[in-house]
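Peer 1: Quick one: this structure, given as structure tokens, is what I'll be asking you about.
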Amino acid sequence: MIQYILGRFVLIVPTIVAVSIVVFLMLYLTPGDPAIIYLGDTPATPARVAQIRHAMGLDRPLSTQYLSYVARLVRGDLGRSLRNDDTVLGEIQYRFPSSAQLAGAAFVVTVTLGIGLGLISALSRGTWLDASAMILALLGVSMPIFWLGLMLIFVFSLQLGWFPATGFGGWERLVLPAVTLGLLTSATLARLARSSVLEILWQPYIRTARAKGLAKGHVVRRHVLRNALILLITVAGLQLGDLLSGAVITETVFARPGLGKLLVDAILNKDFPVVQGVVLLIAVAYTLINLGVDVSYAYFDPRIRFE
Amino acid sequence: MAVRMRRRELLRKAGWNLGAIALGSQLVDWGRPPALAQSGAALTCGLAMGPETMDVTVTTSSDTGRIGLHLVDPLVWQPSAGRYAPGLATSWSVSADAKTYTFKLRENVKFHDGTPFNGDAIKATFDRVVNPDTKSQLAFNFIGPYERTEVVGPSIVRIHFKEPYAAFLDAASTPYLGIVSPAALAKYGKDFGSVAFVSTGPYMMQSYRPDAEIVLVRNPNYNWASPIFKHQGPAYLERISFRIIPEEAVRLATLQTRETQFIVNVPTRDYQRLKSDRNIVLVEIPQAGTGYSLMMNEQRNPTTELAVRRAIQLAIDRVGFVKTVWDGVAKPGCGPITPNIFGFDPKTCGEGAYNPEQSKRMLEDAGWKLGADGVRQKNGQRLSLEFYFHNRFPRSQEMATFIQANLKVVGMDTILHNLAPGGYFAAVRTGQQNLNFWWETATDPGLLLDECFASRHANGGTNRNFYRNAQTDQMIQQVLAEANPQKRKDLVAKVQQKVISDAVMAYLADPLSLYAYGRGLTGLWVDWGGNYPYFYDTRLSS
Amino acid sequence: MLGGVLLVLVIVATLLAPLLTPYNPLALSPTDRMLPPGPHHLLGTDEFGRDVLTRILFGARTSLRTGLVAVSLAIVIGVPMGLASGFYGGLIDRLLMRLVDLMLTFPGILLALVIVAILGPSLFNAMLAVGISASPTYARVVRSSVLSTKPHFFVEAAQAIGCRNWRIMLRHILPNVVAPIVVLGTLGVAGAIIAAAALSFLGLGAQPPEPEWGALLSEGRNFLLDAWWIATFPGLAIMVTVLAINLLGDGLRDVLDPQLRT
């Protein structure tokens, strides 16, 4: 087991190398020069553009740029933004708590709503309860995030005054963005949960348990929920990374600092070091989360063992 | 068995945590009023874009300037167009050739870090602006043909320019040439602007959190306000928070929930409704600059033809444009500079008024005949225009949609390219477009005309008309060099007439700067150009 | 059933759009600006005086097409990967799954922005990105279905009578993974329509003035307090369509997966 975990840890290194090369090439292929984007509508002669390119280190060959990046990365230096000279590490450190909080809270919303609706729906299959739970889930899936966010702000901030509309810090500023971000994924999870619970209910051991005369509640708790936990863990592995970096719209609407917005702005500005830094962070986080997920499979499902 | 116990425990804990969250949400004080506690001495101001850095001498962001004006003191203030008042300089003189500016500096002024403000600080600040490693954007443009700063004495400096430069006082009145502490520059190095920003202004930077909030705290030692303001000594408000709220509907909502007391860039959609709201004060100031306009590339067919460019000007319904796209909260554009700029020539307004029939006739006479698909043709070439814009330009999609429909009426086909900034700038700098938007806000006519019409900016720069005309170049040089106001005014008018007769650009709309605040805020100052609300004299009552 | 009927209605309305409405989806009419719903304009007009109903009907084509493109692409890439990975196992499996992991570590938004930046912003290019970034999910799901199907005796039987591998995969294994693909696919069409809306919000979606539901919603969001109909009806259109597609997906799954039939 420990060997397995160590092996997976070692795999992080090639992942980082692969990710950093791909990101570097991807940004290189997209049109536009960071210096020209930086100067934008500021009047600048070609000589001035050349000066800025030099100051940004863009006049060196691509391979030199990449290797010097790697050399710094090995020393743990993620570099500085091409645009404002902020350290990439600083930019990430500053935004990470806000993003992590939002991702965590959104995940709680996803899980509570998703598993809850899925369970209700599966246990009452074919009834009106089933149908309304699933339609509720579908409503969640069919609302674009910015729309839902604006609606929540209009209702709960502007009309009712229950929550502040914007900002970061304090749980009351977390509720609306977390619901906004979590609702979409909860719909997907609800449908997955419903079908997997239905599958479980059909398994012989459930029939056995029921035949033994165990109370329905007991069967649900002991057998169904525990199996549903596996689903939850899987979804966590797939979605936490996305929640961390894909929250740009939620962050924009609710005026929160976050990695998603940092990443999108950096891509649009072709700010290489920042894009690299954020994507590497996400890649590492994703790998670690999934390692945790795989390890916990063994914990929750005795049938799975690692060689 | 042990494993099973742990599993059960884990599940129980998980359940407990979920329960705790549910419980937590019931502890909300549902009766809480919408207003979040705000002490009378603190102002929260909602901005749209937010700064990338707080270093005013590096940035190009108006929001950095808006915040930064509170952190710096300009050398001079410009209370109305072309009139200057003391700032950090108590008096000044300009040499006859406009190549040397001498400033007498206020004494006993201290930077926020306690070090003294003097001529050496000005030299250090300006020398840094022109240093390529600083990557200065606006300030580099504003400092013009800067040569060097001569420190004549601790409180007298002389700024020398390589060429005559009449726009320097205007430039020095913006936040972007604010003087920063040389000690802090040495101490923070590349972190200056993000970790710290140290200058002499009535407020000091307390915290800088990009994409979220920048908090300023009152400078208790401030005792050098310009006489144009209503009081002396420290500012009234103890603290100012600038919150970054990009989504316009949300920014407006925060004013109503009292999360903010002042917002910039009020959505024009809500203008009428806010106007009748008795709890909200709207401030509207015509924004100085070029207004929204359309550049037409003279190096790419078919906008190489004067007749086509004129026909485009005539085909655009500027009144309808303002009403539809800007909800009536703007003035139809009429010339390369807005009417409040020094030297604006009102005669330019009559030219090129909306007249689709004349537009069609003009195209017809130039040999562009209507084809079967409703698009004109000449010698087998369709009258088709490539229109580039980028998604960060305010309301660019709506503006482009409107123009496209207008041009279609007279038989032009417009292909819209809405790009990310990278693709956009790559395209327009190499002239792949027929049309692109232009907007600039500044207060000196020389700089505004230079950017759009001088051939030195036509080489991949901001003159994306690729307009090259020796006569115009010479006139613009004269505007930049002429310090005598009456002569300068005539020159500015001549440039306007010249570029209008050459049909270089189409002028769409002159926007208003819109600010809104709740009743209870008094003593607001905004510069005449409309960009910088200044809270030095401001008080808040509940 | 209901889902199928609804979807057919949506598709018919889309195809007959030019017959159903007298208005042009693109022509501006500033005098009819922001009219509320009424007898002439059933769902009102937008800020340019264009009929909202007409824009929704014409926008349906773009929206449905892009949704289908994205999902087809994801299936075309993801399903063969999952099949091969699950069936052959060993080195192929490990290599393919590493690739899938690598793709999953990339934020979908990065891929979308990069593709749009390289190929130019159009909804079609954006959907390429959505499709590519969704494909690893298909690969994973198909792989796990294959793994659970492979031990069944009918596969062994087919191998015993000398069937070729591709034939076993296509004839015996693929039908058993159809159910999860259908479920994912129907969710995916809906998800792609929503993703298009998100890209429009970032200014990288459909090019104006072409109507597309996500863009209609995104552009209308600033009028919510003054002219609610501009954004609300496109929102409802998305909702109804997504609902229809999902109900259809549910129905199909119940038909395809005999285990789940009650």
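Peer 1: Could you check how much of the accessible area of chain C is carbon and sulfur, as a whole percent, using a 1.4 Å probe? Show your work: numbers first, answer last.
Peer 2: Values: 7700 of 10920 Å².
So the carbon and sulfur contribution to the accessible surface is 71 percent.
Peer 1: Now, a different point. Can you tell me the accessible area per residue over the protein assembly as shown, all protein chains present, probe 1.4 angstrom, in square angstrom? Can you show the working numbers first?
Peer 2: Values: 43440 Å² over 1111 residues.
With the other protein chains kept in place, the protein assembly as shown gives 39 Å² per residue.
Peer 1: How many Cβ atoms of partner chains, on average, are near each residue of B:387-398 if near means within 10 Å of its Cβ? Before the final figure, lay out the partial values.
Peer 2: Working: counts 0, 0, 1, 5, 7, 3, 2, 0, 1, 2, 9, 6.
Going residue by residue through B:387-398 and averaging, the value is 3.
Peer 1: A further question follows. What order, most packed first, do the peptides A:97-110, B:473-486 have when packing is the mean number of other Cβ atoms within 10 Å of each residue? Intermediate results must be reported in sequence, preceding the final value.
Peer 2: Numbers: A:97-110: 21.5, B:473-486: 17.9.
Most protected by this proxy first, the peptides run A:97-110, B:473-486.
Peer 1: Which one, B:Gln404, B:Val94, B:Leu255, projects farthest toward the positive side of the charge dipole computed for the protein assembly as shown from Cβ point charges (K/R +1, D/E -1)?
Peer 2: B:Leu255
Peer 1: Give the distance, in whole Å, between the Cα centre of the range B:64-111 and the Cα centre of the range B:425-472.
Peer 2: Taking the Cα centre of each part, the range B:64-111 and the range B:425-472 sit 29 Å apart.
Peer 1: Compute, for B:Glu440, the solvent-accessible surface of its heavy atoms (probe 1.4 Å) with the complete set of protein chains present, and express it in square angstrom to the nearest 10.
Peer 2: The value for B:Glu440 is about 30 Å².
Peer 1: Based on DSSP H runs of at least 4 residues, each adding -39500 (n - 2.57), what is the mean residue ellipticity at 222 nm of the protein assembly as shown after dividing by all its residues, to the nearest 500 deg cm²/dmol?
Peer 2: Values: 40 runs with 570 residues, N = 1111.
-16500 deg cm²/dmol, from helical runs alone.
Peer 1: With label points built 7 Å along Cα→Cβ from the Cα atoms of B:Lys110 and C:Leu147, find their separation and express it in nm.
Peer 2: Here the answer is 6.9 nm between the modelled labels.
Peer 1: Can you give the mean number of other chain Cβ atoms that lie within 10 Å of the Cβ atoms in peptide A:48-56?
Peer 2: Working: counts 4, 3, 1, 5, 6, 1, 2, 5, 1.
That average works out to 3.
Peer 1: With a 1.4 Å probe, how much accessible area is buried between chains C and A, both sides summed, in Å² to the nearest hundred? Please list the in-between numbers first.
Peer 2: Numbers: alone 13860 and 16700 Å², together 26560 Å².
Protein heavy atoms only, the C-A interface buries about 4000 Å².
Peer 1: So how much accessible surface do B and C hide from each other in total, probe 1.4 Å, in square angstrom to the nearest 100? Walk me through the numbers before you get to the answer.
Peer 2: Details: alone 24040 and 13860 Å², together 36000 Å².
The summed interface area works out to 1900 Å².
Peer 1: Among B:137-147, A:172-182, what's the highest-first ranking by average C-beta atoms within 10 angstrom per residue?
Peer 2: On the way: B:137-147: 20.9, A:172-182: 23.7.
Per-residue Cβ counts within 10 Å, averaged per peptide and sorted highest first, yield A:172-182, B:137-147.
Peer 1: So, counting K/R as plus one and D/E as minus one, what does the shell of residues with Cβ under 14 Å around C:Asp93 add up to?
Peer 2: Details: positive: C:Arg94, C:Arg98, C:Arg140, C:Arg143, C:Lys150; negative: C:Asp101.
Charge balance near C:Asp93 sits at +4.
Peer 1: Give the percent of DSSP beta bridges with both residues in the range B:292-511 that are antiparallel, rounded to the nearest 5. Mind showing how you got there, number by number?
Peer 2: On the way: 15 of 24 bridges.
Taking every DSSP beta bridge with both residues in the range B:292-511, the antiparallel ones total about 60 percent.
Peer 1: Could you state how much accessible area is buried at the B-A interface, both sides summed, with a 1.4 Å probe, in Å² to the nearest 100? Kindly include the intermediate steps, with their values, before the conclusion.
Peer 2: Values: alone 24040 and 16700 Å², together 35380 Å².
Interface area, both chains combined: 5400 Å², rounded to the nearest 100.
Peer 1: Among the DSSP beta bridges whose two residues both lie in the protein assembly as shown, what percent are antiparallel, rounded to the nearest 5? Before the final figure, lay out the partial values.
Peer 2: Details: 61 of 79 bridges.
Counting DSSP beta bridges with both partners in the protein assembly as shown, the antiparallel share is about 75 percent.
Peer 1: To the nearest whole number, what is the average tally of beta carbon atoms from other chains within 10 Å of the beta carbons of peptide C:213-224? Spell out each step's value before the answer.
Peer 2: Details: counts 1, 3, 1, 0, 4, 4, 3, 1, 10, 11, 4, 6.
So the per-residue partner count for this stretch is 4.
Peer 1: I want to verify a result. In a Gaussian network model of chain C, Cα cutoff 10 Å, which of these has the top mean-square fluctuation: C:Gly78, C:Gly131, C:Gly89?
Peer 2: Maximum among the listed residues: C:Gly89.
Peer 1: Could you pull out the pairs from B:Lys230/B:Lys275; B:Lys323/B:Lys360; B:Lys135/B:Lys498; B:Lys99/B:Lys331; B:Lys408/B:Lys494; B:Lys323/B:Lys498 whose alpha carbons sit more than 31 Å apart here?
Peer 2: Numbers: B:Lys230/B:Lys275 28 Å; B:Lys323/B:Lys360 24 Å; B:Lys135/B:Lys498 34 Å; B:Lys99/B:Lys331 37 Å; B:Lys408/B:Lys494 33 Å; B:Lys323/B:Lys498 29 Å.
The pairs that break the limit, which is 31 Å between Cα atoms, are B:Lys135/B:Lys498; B:Lys99/B:Lys331; B:Lys408/B:Lys494.
Peer 1: Okay, next question. Run the accessible area of the range A:90-204 with a 1.4 Å probe and give the carbon-and-sulfur part as a rounded percent.
Peer 2: Numbers: 2970 of 3990 Å².
C and S atoms contribute 74 percent here.
Peer 1: Which Cys residues of chain B have no other Cys beta carbon under 4.7 Å away?
Peer 2: B:Cys45, B:Cys452
Peer 1: On to the next question. Cβ neighbours within 10 Å, averaged per peptide: list C:36-45, A:70-79 in order, most packed at the top.
Peer 2: On the way: C:36-45: 15.8, A:70-79: 13.0.
So the peptides C:36-45, A:70-79, ranked by packing, come out C:36-45, A:70-79.
The values are calculated or read from the model by the stated rules, or taken from the named source; none is laboratory data. This one's a predicted model, so the numbers in the text were calculated from it and none came from an experiment. Note that we place each Cβ from the backbone using ideal geometry, even for glycine, and neighbour counts take in every protein chain shown. For the accessible areas, the whole protein counts, side chains as well, though only heavy atoms, and no ligand, DNA or RNA atoms are used. Shrake-Rupley method; radii C 1.70, N 1.55, O 1.52, S 1.80 Å.
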